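The block underneath contains the structure these notes are about, expressed in structure tokens.
The values are calculated or read from the model by the stated rules, or taken from the named source; none is laboratory data. Quick caveat: nothing in here was measured; it's all calculated off a predicted structure. Don't worry about glycine lacking a Cβ; one is built from the backbone with ideal geometry, like all the others, and counts go over all protein chains shown. Note: accessible area is taken over every heavy atom of the protein model, side chains too, but ligands, DNA and RNA are not part of it. Shrake-Rupley method; radii C 1.70, N 1.55, O 1.52, S 1.80 Å.
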Amino acid sequence: MMEQYARVKEKYRDVLLFYRFGDFYELFYDDAVLAARALDIVLTARPQGKDRDRVPMCGVPHHRLEFYLARLIEKGHHVAICEQLEAPSKGRGLIRREVIRVVTPGTFYESERQEGALAALRFDSDRVGLAFLRLATGEFLVTDIGRDELAAVLARLRPEEVLLAAGDQLPELPLYRPFVVERPAEAFQSQVALTRLAGHFGREAIEPLKLSVFGALSAAGALLAYLQETQMAFLPHLQAPKPYANEEYVWLDPQTQRNLELVENLFQGTTEGTLFSVLHQTATSMGRRRLQQWLLHPLRGVAAIRARQEAVAELVANHRLRDELRETFAGILDLERLTSRITSAVANPRDLASLRASIAALPRVRECLTTVKAPLLRQLHERLDALTDVHAEIARVLVDEPRAVTREGGLVRTGVSTELDELHTLQHHGSGWLTAFEAQERERSGIPNLKVGFNKIHGYYIEITKSYLRAIPPDYQRRQTLVNAERFITDALREFETKSLSAVERAKELEYQLFVGLRDQVASHAGRLRQTAEALGTIDVLAAFAHVAMLKGWIRPEVSDDYRIAIDEGRHPVVEALADGFVPNDLHLDEGKSFLLLTGPNAAGKSTYVRQAAVLVLLAQIGSFVPAQRAIIGVVDRIFTRVGAADFLARGLSTFMVEMMETANILRYASPRSLVILDEVGRGTGSADGQAIAQAVAEALAQTVGAKTLFTTHYHQLAALAERIPTIVNARLAVREEREQVTFLYKVMPGATQKSYGINVAQLAGLPAAVVQRAAALLAEWELGTARAPDTIGKPGPGVSPATRSMEHEALLERLRQIDPLHTTPIEALQRLAELKELVTHTVDKNSKRAHEPARITSLTPKPIKA
């Protein structure tokens with residue numbers, strides 16, 4: 001047996017080998033050491049034979065295979081499943097074993113936590129051919145994209161495993177890193193790939209794709225080859241490749257997906273506190289999967305958005321329909337995943353029972369939708385197949401509560417197979433048959449003391465005393481001679497013996513064959529099952545949108561191709577769900593006022609407000625209602641966010657470098673139809689540099705790009721941009737000041753903030769009182785011009801703080817801005833002029849006095865140097 005193991009392991013050196021041995025999968029040598037550590041199971045050792053070394057080994061029960069596979073796959077391991085291909089029996093010798101499947105991070109889809117998402121990339125100058133496959137659903141997508149789009153597309157699709165041709169390198173992906181597998185370059189050759197695809201899906205399915213995504217077909221062929229090599233006979237039913245229409249969706253780069261916390265939160269990587277968690281009122285796994293897909297793929301087409309909105313509106317208005325659908329969905333399991341398990345021949349009897357129970361609910365869903373009016377709901381009703389024939393066949397063959405394992409019997413109903421019924425009768429009613437047979441033979445032979453018996457050595461027999469030997473029928477065959485009797489057997493009794501002794505094993509084998517036949521028959525309807533599952537998932541999401549809208553009082557936004565965004569009393573859905581109360585705010589952007597410059601202290605709500613704008617636009621463009629009193633949304637083509645700061649130390653990048661890279665990306669790819677969220681640009685460097693960069697970025701977005709922009713900053717001087725750039729409008733977060741105490745009102749007001757309130761925020765945050773008092777004193781001295789600038793501390797001689805000069809200069813400019821020459825009388829003009837002269841004179845005298853003060857030098861006398 002160990003020699004057989006060694007021959008198999010030689011072919012699969014780089015993977016963990018699960019070697020089936022009876023009721024366990026065993027691992028040996030280094031595989032055992034690694035698996036025992038990864039799975040936290042007992043590692044033992046046994047000798048191969050007399051005077052041989054002990055072999056490290058560990059094992060897992062065969063019926064728990066999926067559980068242990070999931071744990072290994074999550075850690076990036078590949079596992080080869082070596083199965084027994086024949087039943088053990090006496091005299092057979094060594095059982096034949098072979099690897100039937102290699103499970104990898106991208107091909108494991110049996111667990112609820114794994115989708116079996118796999119991608120292949122083919123690089124060609126500045127373009128990338130991408131193929132993506134999700135084994136849990138059979139979805140197969142292909143597209144040709146630019147290299148600069150790759151990170152965003154992969155972040156949306158999130159494959160667990162990526163295939164590359166030998167020598168290629170996967171570019172740096174922010175915040176996401178899949179497992180990478182190198183494949184031979186020949187697998188990516190166009191002709192080889194096309195031949196393989198045509199052989200699997202048919203030439204008529206592949207030829208049309210050559211015109212649009214020819215490069216991606218090479219990647220698709222390499223991906224299919226990898227699947228056929230690793231999944232072998234367990235390859236599930238795959239849909240023919242179809243184009244991934246990237247231009248139909250709003251562009252969301254990885255940073256935006258992360259910053260808006262659409263499907264993963266910023267700190268834990270879970271769904272808690274995300275937009276997904278607010279909308280996740282779906283009742284099925286198909287709906288959950290579709291919801292996540294929609295959140296990462298907002299629509300750009302107004303007609304498609306409105307179609308979803310109309311469906312949601314009807315479900316909002318018809319609460320009885322919505323509630324009945326949601327109640328029915330609760331009994332429907334994951335049809336997509338069940339279909340993949342069935343078509344790949346890994347489904348067990350309980351999977352088919354789950355499918356039967358799920359299909360049983362479909363007629364009720366169809367009945368609910370018979371009177372709907374929304375066009376999208378009517379289309380979904382037409383695509384929803386009741387699958388009554390599939391349900392009837394499963395119900396006819398499979399018992400109500402089958403066992404989980406396939407070869408232990410207890411699967412098939414009475415009446416499905418005459419032979420199986422006879423075997424079951426033999427198992428349960430064999431004694432009755434023997435009694436009837438004995439009575440029949442006594443009557444036929446006329447021998448009154450004839451009896452039927454059984455022993456373990458000779459089996460069944462008919463025993464006749466020697467006084468009646470002359471009366472035995474001619475078809476009796478001698479089996480054993482005793483002192484006073486002879487034992488015989490007939491063909492009928494021999495047939496009963498054969499059936500009786502092998503009935504249990506034969507019944508198990510026959511039930512397995514009937515189950516496999518049923519599974520194959522159901523698999524032949526995979527296309528219908530997947531179509532129905534897709535329709536159910538979409539209906540489920542629409543019903544969830546309606547349910548959330550009713551619970552939270554959301555409204556239907558007006559979506560159009562117009563430029564403007566007008567939101568009255570908008571609320572951030574996630575913050576509102578987590579907080580006790582939420583202060584709503586308005587947002588109005590149009591072509592004349594496309595740039596909102598927002599100032600205000602930290603913790604006053606600036607970041608929440610700007611993210612809220614992006615989230616509400618995204619909600620509108622996935623077809624959902626939004627938390628607001630009124631919303632008019634002009635569709636955007638891209639959403640960019642530069643929010644927060646995260647050091648990428650492992651990549652050797654500082655906070656400021658990452659900030660500048662992301663800002664550069666926005667300036668490069670944003671269009672007038674884009675929505676841009678920029679939070680505190682330039683804060684990662686010195687104040688002068690930071691302000692200069694922030695102003696230059698703001699000018700470029702407002703004057704050159706023309707994107708709808710929300711720009712938060714602590715550089716209050718930037719508010720002056722609104723006076724010379726017409727598209728910029730100032731706004732601020734309201735603050736109430738009472739006796740040196742501040743209260744944040746979280747309300748957005750027109751105009752710019754003139755103070756940072758940093759000291760107050762520090763006090764609210766719990767900074768020690770002594771530190772707060774010292775900071776306040778330093779700030780007061782700085783504002784009066786008596787404190788030295790931060791960049792001169794520790795240097796000889798005093799100086800005038802650049803910040804002080806800037807503040808004094810800004811004060812003069814502000815006084816000048818307040819003067820309206822066209823509406824000022826001569827007397828008022830003279831008064832204003834006198835005030836300005838006094839202010840300038842005071843400033844110059846103060847700075848001159850400060851500049852001529854003697855430097856306080858303790859000593860310039862050099863100290864003697866000791867020898």
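Some notes on this structure:
- For the range 18-57, fraction of C-alpha pairs farther apart than 15 Å, in %: 42 percent
- Acute angle (nearest 10 degrees) that the helix 826-852 long axis makes with the longest principal axis of the chain, alpha-carbon atoms: 80 degrees
- A straight chain from T490 to A357 at 0.36 nm per residue would run longer than the Cα-Cα distance by 43.1 nm.
- If you wrap the Cα atoms of the range 86-226 in a convex hull and average its projected area over all directions, you get 11.4 nm².
- Distant alpha-carbon pairs in the range 1-160 (separation over 19 angstrom), percent: 62 percent
- FRET efficiency, R13 to Q189 (Cβ-Cβ, R0 25 Å, nearest 0.05): 0.40
- Among the listed pairs K708/K747; K210/K242; K552/K747; K242/K708; K9/K75, those beyond 23 Å (Cα-Cα): K242/K708
- Ligands, DNA and RNA left out, the accessible area of the chain computed with a 1.4 Å probe is 53% carbon and sulfur.
- DSSP-assigned coil residues among trypsin sites (Lys or Arg not before Pro) in the range 53-150, each with at most 15 further Cβ atoms within 10 Å: K75, K90, R92, R96, R113
- Ordered by solvent-accessible area of protein heavy atoms (1.4 Å probe), largest first, the residues D385, D580 come out as D580, D385.
- Summarising the label geometry, the points placed 7 Å from Cα in the beta-carbon direction at L266 and R442 lie 9.2 nm from one another.
- Theoretical FRET efficiency, 1/(1+(r/R0)^6), r = Cβ-Cβ of L43 and A198, R0 56 Å, to 0.05: 0.70
- Cα-based helix-to-principal-axis angle, 388-397 vs the chain, degrees rounded to 10: 40 degrees
- Value of Rg to Rh for the range 658-756 (Rh from inverse mean 1/r over Cα pairs, i.e. Kirkwood): 1.00
- With coordinates expressed along the principal axes, the C-alpha atoms belonging to the range 302-345 extend over 43, 28, 7 Å, beginning with the largest.
- Estimated distance in nm for a label pair at A245 and S467, the labels positioned 7 Å out from Cα along Cα-to-Cβ: 9.6 nm
- Taking the DSSP beta bridges with both ends in the chain, the antiparallel portion is around 65 percent.
- The range 334-482: C-alpha pair distances exceeding 19 Å, %: 70 percent
- On Cα atoms only, tilt of 210-231 relative to the major axis of the chain in degrees: 50 degrees
- Computed [θ] at 222 nm, helices only, for the chain once each DSSP H run of length n ≥ 4 contributes -39500 (n - 2.57): -14000 deg cm²/dmol
- Probe 1.4 Å, accessible area per residue of the range 76-156, Å²: 34 Å²
- Distance between the 7 Å Cα→Cβ label points at S671 and E324: 4.4 nm.
- Zone of E66's modelled label, taken as backbone nitrogen in the range 376-408 under 16 Å from a point 7 Å along Cα→Cβ: 402-407
- For the range 1-89, the list of GluC sites (Glu not before Pro) that fall in a loop by DSSP and count at most 15 other C-beta atoms within 10 angstrom reads E86.
- Using heavy atoms of the protein chains and a probe of 1.4 Å, the accessible area assigned to E314 is about 40 Å².
- Per residue, in Å², the accessible surface of the range 424-487 once ligands and nucleic acids are set aside, probe 1.4 Å: 65 Å²
- For the chain, the relative contact order works out to 9 percent when only alpha carbon pairs closer than 8 Å and six or more residues apart are counted.
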